[in-house]
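Okay, so here's the structure we're looking at.
Read the figures in this text as sums done on the coordinates, not as results from a lab. Note that the coordinates shown come from a computational prediction; the quantities given were computed from them, not determined experimentally. Cβ placement follows ideal geometry from the backbone for every residue including glycine, while neighbour counts extend to all protein chains displayed.
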């Protein structure tokens, strides 16, 4: 309503010019009074009396002026500023109190802001393409890749997608531009760029004609590669580049996307890939679908659509596609992966820390308000409504909270940097967690909320002050209510601190248990790296076998080397190449999904020696197992138990589907934890088999050579042997490139990365909680002691010893602590169930952990009580009996 | 009834001020108060000062405007006059009152019958 607006406008103008308004009104009243006086004089009164009567008839001038001021200005704003000034003065007069409060709040708010920055970066991140919620990532069966013919079927048969693309990545050597460099090449459908909103900086992206076999070879490169290798010259378009020995025409330059999304420097049309097995329906080659949903279609509808196509494919191709299902996740969900739950748990944990900080500050306020009671009583007596008093107190606490928030923000900036430095690689980047508006708003809102939270109870309590009682001299009884409130707060703090300590304890024990798991091989002193053979060798089976044979010989001859082996297919903690297989002496399974599925390792004879995997039975691969000899395979313990229970597997034959050959079992090895130490033992996950790498069929050799590693055991530190290994690789063929060096220990540590990270953060929070809770107990007991000096004096005068007083104080502290611990255990037990997914080897209700946390907390609490208790014993009865 | 009464009183007073200014032309605070006292035959025994709250309200809504001028005795005084929107408001309120009093009148007469 416009009426309301004009009133506001007039009030604002009045407020700005209040002094003049007030003076004018005083004049107006003065002139009114004059006229009234005149009237009275005309009626016959004497001047003096006329004036007096006029004043009565007009009304109290001060009151009228006050009313006028309130009407014309912004009284709320006035009172707010008044309160603010008062609050600032109050804090300045009590710097110690203010400092402690602000620091306590800063710790709580700062920690929360730091975690929020992380959550903002990981879970709420801004994706750099339009309508990111319409972009979905499509896999087969929860994580498996999609074979190319199946993708073509999806393109033809689904109706929910505006754009659909398939992509996979591969490694190739770029040789035509300076030093040979290994590139991550992304093979993709033409729509890939459109889905992610990538527009070429120069030139163009692929057309659909170029996306088929036999089309002219073209590539698109990234901006950074363009600047690095081609000098950013516009003439690059139309030029050639040689990748893996083949020439491609560069047709476009695209901007760099942040590494965590789709890190590639070279893009190539996936439809052109000439690898023959690519067009078989059975193999996915790591290809992943990416699509943009049509406007108006929901994710659920798209999923239903995909699975309808899946059912129809399952019916058409019963051999490969039985039980086919697709999964579609939004891009955001698929890049967050499993990080959501632990991060949210951490956010909850740090929230508990803030609650403890609030309880501490509330206690401090309660203690202080005891001292301010007279002042407040006087204010109420002078006419301030209780509402005003509450507002004023809330202003004070809000000021404290905002100051705490400001300091907390500074702490958070520093803390966030520390968190990024300690985080597992790839999870966080420094830019992602930078201070931005959202984080600032979060901090401000949290500070205000905190202020209200810890301020409301003390304010309400203070406003309920009994004026009569307080203004009488020596009113002491009213402190009982405050003490009770303080005790309640402290007990809650202890309970929360116990919960956090228990949580941290559980995670620590889990990590410890994980480290104790036997990986099945000796992880120390193993160096692994990838060799990228020259194009000529890479495409030729026999040449590859010969090259690797020479390489292994050279590597084993190096000083400091114990043994070396080729590792095609997989290496523990990396890769997931699997093969379906079945027994030759039983009927072939009807459907592929019924056949057991094992991780395969194509190796040279020394592999067992490199890895120190135990050989349980029979023999391992030998040099005699060459490409011309009989095909052999070595299975692991898990396969023996699952597929050959109570039988002798050695001598039997199995058929390996991917390799399309049958092999005789010659030995049984132990089982390794390929997927990480904390994977639960599951027979199906642990099927592993080894074949001689020389027996890989020629037609697969070139393909598999791309994902092959070499593993070496060194006598000393594996890092020391790396340069010599590189030399050896070059010596065998100068066009080869060695890259991707890592040690098995690093891989193992890396697989533990997130677990360690969560543990570290939770431990820091538990530590903060412990610190704050013990400060809280110290404060309350200290206060108690101050209040009870009189009582102690009496006791000691009546014969109590110093140690009796000490025991009394400690007992009071212990009682608070024990109640808090009991509550903490009662509340913590169900709460720890939330952690159950993160635990390993311990139950959420582990008694040892809870007991340990309780003991630690109580010990620290008692220590905190000791200081005031000691002070109590120093009491001189003569002094205190006079003290009031 | 106490609370409601002061609100009704507020509204009524505002209305009377508007009517006064409409009928009498520009007046100062004293003049308005005197006039209202006369018309209500002193039934509304309030302090004259309370009129100023009413004047501020009316001014903030833009229904009256104020300007300093000279009174009969050549004394400095602030004169208030009704504005165009004030006249509209007055007319609307008057109509509203007529309607209400008509309805109540009919109700009361019906009771007896």
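Model label points for residue A:41 and residue A:368, set 7 angstrom from Cα along the Cα-to-Cβ axis, are 5.8 nm apart.
Between the alpha-carbon centres of the range A:591-605 and the range B:9-42 there is a gap of 102 Å. For the residues of B:75-82, the average number of beta carbons from a partner chain within 10 Å of their own beta carbon is 3. Counting only DSSP beta bridges with both residues in the protein assembly as shown, the antiparallel share comes to about 80 percent.
Take each peptide in A:495-505, A:110-120, A:37-47, A:434-444, count the other Cβ atoms within 10 Å of every residue, and average; sorted highest first, the result is A:495-505, A:110-120, A:434-444, A:37-47.
Counting Cβ atoms of other protein chains within 10 Å of each residue's Cβ and taking the mean over peptide B:26-35 gives 3.
With a Förster radius of 25 Å applied to the C-beta separation of residue A:312 and residue A:215, the computed FRET efficiency comes to 0.25. Applying 0.36 nm per residue to the separation of residue A:717 and residue A:123 and subtracting their alpha-carbon distance, the gain on full extension is 209.9 nm. Secondary-structure-derived ellipticity at 222 nm for chain A, considering helices only, amounts to -18500 deg cm²/dmol, per-run term -39500 (n - 2.57) for DSSP H runs with n ≥ 4.
How much length is gained if the chain between residue A:344 and residue A:878 is pulled fully straight, taking 0.36 nm per residue apart and subtracting their Cα-Cα distance, in nm to one decimal? Don't skip to the end; give the middle numbers.
On the way: separation 534, 0.36 × 534 = 192.24 nm, distance 5.74 nm.
Contour length minus Cα-Cα distance gives 186.5 nm.
Relative to the longest principal axis of the Cα atoms of chain A, helix A:75-93 runs at roughly 80 degrees.
Note on the range A:490-560 and the range A:762-796: Cα centroid distance 48 Å, given to the nearest whole angstrom.
Roughly how crowded by other chains is peptide B:59-72, in terms of the mean Cβ count from those chains within 10 Å of each of its Cβ atoms?
Mean shielding count: 3.
To the nearest 10 degrees, how steeply does helix A:541-557 sit against the main Cα axis of chain A, on a 0 to 90 scale? Roughly 70 degrees between the two axes.
Between residue A:594 and residue A:826, the FRET efficiency from the beta-carbon distance, with R0 = 41 Å, is close to 0.25.
Computed from Cα positions, the angle between helix A:61-72 and the longest principal axis of chain A comes to roughly 20 degrees. Given a Förster radius of 25 Å and the C-beta distance between residue B:94 and residue B:40 as r, what FRET efficiency does 1/(1 + (r/R0)^6) yield to the nearest 0.05? Here the calculated transfer efficiency is 0.90. Multiplying the residue separation of residue A:851 and residue A:622 by 0.36 nm and subtracting their alpha-carbon distance yields 76.9 nm. Taking the centroid of alpha carbons for each part, the range A:15-74 and the range A:623-700 are 106 Å apart.
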